[in-house]
1. Those residues that are loosely packed, with under 12 Cβ neighbours inside 10 Å and assigned to a strand (DSSP E or B), I need them from segment 12-33; list them, please.
2. How many of the residues making up segment 34-58 are basic (Lys, Arg) and either surrounded by fewer than 14 Cβ atoms within 10 Å (Cβ to Cβ) or modelled with pLDDT under 95 (or both)?
Amino acid sequence: MRKAALTVVIFLALLVAPLVVGRRWHFNRSDFRVLTLGESIVTPAGTFTDTVRVEERASDGTFHSERVYAAGIGLVLYTQGADRLEALSVSVP
């Protein structure tokens, strides 16, 4: 499989505490909802278990994505339609 370098800019909304499944909020023309907590996510960078999966839907219905954040790391998985971006490596100081 050929891998290409790709630079992606993803605008992140702040997570809103408390993080509980079903929590909803609105930010900058999008609606957000916590879908899961503690889901095990496997990426080329490793397996992450202390996670939160957040769904984003544009208020006008033109956009839908999901993001998975890992505690102490940040964004490790982003999906939009058939597109899937995964963390390839993680460096923690």
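1. Just the residues of segment 12-33 that are loosely packed, with under 12 Cβ neighbours inside 10 Å, to begin with: 14, 17-18, 20, 22, 24, 26, 28-29.
Selection gives ARG24, HIS26.
2. Residues that pass the stated criteria total 1.
The values are calculated or read from the model by the stated rules, or taken from the named source; none is laboratory data. Just so it is clear, the model here is predicted, and its values are computed rather than measured. When we count neighbours, we look across all protein chains shown, and the Cβ atoms used for this are built from the backbone with ideal geometry, even at glycine.
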